[in-house]
Amino acid sequence: MNPRRQGSRKYHDRVAGKYDAIYDDAYWAYHDEITWGLIKPHLPRTMPAHCADLGCGTGKWGLKLLKSGFHVTFLDHSAGMVEQVRRKLDDNPRQKKATLVVGDVIAMPDLPDASFELVTAMGDVLSICSDPRACVRELARILKPGGAACITADHQLAALDHYLDKGDLDSLEKFVRNGRTQWLTDNESERFELQTFTSGQLRKLFEDAGLEVIHLTGKTVLPMRHHRELLADPAAMDRLVALERDLMKDPSSIGRCGHLQITARKP
Ligand SMILES: C[S@@+](CC[C@H](N)C(=O)[O-])C[C@H]1O[C@@H](n2cnc3c(N)ncnc32)[C@H](O)[C@@H]1O
């Protein structure tokens with residue numbers, strides 16, 4: 001099996017049970033608030049509607065979509081992650097509207113053509129998967145005409161400092177050329193490659209798949225990861241979220257951001 005797939009699956013299977021706890025802090029609450037704010041304008045407006053959450057992890061976004069009343073297909077290549085979603089659905093009154101699939105985003109034979117009004121892939125599944133081009137082609141295939149995809153990816157420019165900090169010019173040159181870096185965990189068999197993108201490359205990837213890019217932004221402009229203590233006060237959180245949203249309106253803010261979020265529509 002392709003080691004890029006195996007490492008990610010192994011890593012995500014291992015962390016599935018503790019995944020929510022890893023991301024349960026004020027910084028991620030801030031990050032999630034921004035992420036959901038970018039998805040919300042693209043929620044389907046008519047019912048019934050079907051959404052797919054690709055690389056669903058423990059279901060953070062798919063469960064929100066389910067709560068909003070949509071049918072949701074949760075797909076992840078880690079059976080451990082899908083099992084976490086299944087457990088959360090046990091006492092969920094909307095569980096009949098949920099479909100769980102263990103599968104790879106680069107080929108999703110279980111998901112029919114033109115069947116979803118909204119597709120999400122949060123947490124940079126596009127960067128993690130072994131073939132981003134195939135992934136975007138697949139999500140274009142499963143979208144209904146007029147449907148929207150909200151996807152995040154790792155931003156190449158944000159990772160440049162890592163190579164400079166290491167003083168490793170060979171790796172820096174290589175990284176600038178191909179945008180590929182590694183998710184480093186202590187266990188080597190759990191390491192996996194990440195494909196980072198500039199905003200221009202990400203836009204082109206979606207356009208090449210016949211999708212129309214309707215929004216492309218970066219997050220977070222304010223480096224709140226390094227100032228978590230400021231987010232402990234709910235009033236400060238609200239002010240910082242408002243500032244973040246203001247700053248994001250200027251496309252040049254993308255340069256500061258670790259992640260890109262793109263919304264594209266199928267004509
Ligand atoms: C960083 S987590 C994000 C989880 C969730 N979307 C969220 O935002 O909380 C990335 C998820 O993508 C899944 N994943 C990575 N590559 C995948 C692939 N090729 N096909 C399906 N799922 C994949 C991982 O197993 C993991 O659950």
Legend entry - Complete set of residues in the stretch 114-157 that are among the small types (Gly, Ala, Ser), open to solvent by less than 10 Å² (accessible area, probe 1.4 Å), under 18 Å from Leu63 (Cα atoms) and within 13 Å of the ligand (Cβ to nearest atom): Ala121
Legend entry - Filter pass, Ile34 being more than 12 Å from the ligand (Cβ to nearest atom) and within 14 Å of the chain's Cα centre (by Cα): yes
Inset, instruction - Considering each residue of the stretch 64-96, count those that are more than 12 Å from the ligand (Cβ to nearest atom), among the small types (Gly, Ala, Ser) and under 22 Å from Pro112 (Cα atoms), and give that number. - result: 1
Legend entry - Failed condition for Gly69, given (1) of a type outside the set (Ser, Thr, Tyr); (2) over 24 Å from Leu111 (Cα atoms); (3) assigned to a loop (DSSP other than H, G, I, E, B): (2)
Legend entry - The listed residue being buried (at least 21 other Cβ atoms within 10 Å of the Cβ), in contact with a Pro (Cβ under 7 Å, 6 or more places away or on another chain), at pLDDT 95 or above and within 24 Å of Ala149 (Cα to Cα), out of Lys266, Lys219: Lys266
Inset, instruction - Could you list, in sequence order, all residues of the stretch 83-112 that are part of a helix (DSSP H, G or I) and either buried (at least 22 other Cβ atoms within 10 Å of the Cβ) or touching a residue at least 40 places away in the same chain (Cβ under 8 Å) (or both)? - result: Glu83, Gln84, Val85
Legend entry - Options Gly55, Gly69, Gly59: the member that is at pLDDT 95 or above, on the phi > 0 side of the Ramachandran plot and surrounded by fewer than 20 Cβ atoms within 10 Å (Cβ to Cβ): Gly69
Inset, instruction - Pairs only if they're at least six apart or on different chains, beta carbon under 8 angstrom, first in the stretch 41-62 and assigned to a loop (DSSP other than H, G, I, E, B) and near the ligand (Cβ under 7 Å from one of its atoms), second open to solvent by less than 10 Å² (accessible area, probe 1.4 Å) and among the aromatic types (Phe, Trp, Tyr); list them, first residue then second. - result: Cys56/Phe74
Legend entry - Residue list for the stretch 97-108, restricted to those being more than 7 Å from the ligand (Cβ to nearest atom) and closer than 20 Å to Gln6 by Cβ: Val101, Val102, Ala107, Met108
Legend entry - Any hit, the stretch 12-21, residues being closer than 24 Å to Pro132 by Cα, within 15 Å of the chain's Cα centre (by Cα) and crowded, with 21+ Cβ neighbours inside 10 Å: yes
Legend entry - Hits in the stretch 177-192 (condition: surrounded by fewer than 17 Cβ atoms within 10 Å (Cβ to Cβ) and acidic (Asp, Glu)): Asp186, Glu188
Inset, instruction - Mind listing just one residue for me: the one in the stretch 196-215 that is part of a strand (DSSP E or B) and open to solvent by 30 Å² or more (accessible area, probe 1.4 Å) and, of those, farthest from Leu160 (Cα to Cα)? - result: Glu212
Legend entry - Residue ID - least open to solvent (accessible area, probe 1.4 Å), chosen from residues in the stretch 226-250 that are within 22 Å of Ala149 (Cα to Cα) and touching a residue at least 24 places away in the same chain (Cβ under 8 Å): Met248
Inset, instruction - Six or more apart or on different chains, Cβ under 7 Å: which pairs go from a residue in the stretch 8-19 that's over 12 Å from Val102 (Cβ atoms) and more than 8 Å from the ligand (Cβ to nearest atom) to one that's at pLDDT 90 or above and open to solvent by 70 Å² or more (accessible area, probe 1.4 Å)? Could you list them? - result: Val15/Ile22
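The values are calculated or read from the model by the stated rules, or taken from the named source; none is laboratory data. These numbers were taken from a predicted model, which means no experiment stands behind them. Neighbour counts are summed over all protein chains in view; Cβ atoms, including those assigned to glycine, are modelled from backbone coordinates with ideal geometry. Remember, those area values only see protein heavy atoms, side chains included, never the ligands or the DNA or RNA. Shrake-Rupley method; radii C 1.70, N 1.55, O 1.52, S 1.80 Å.
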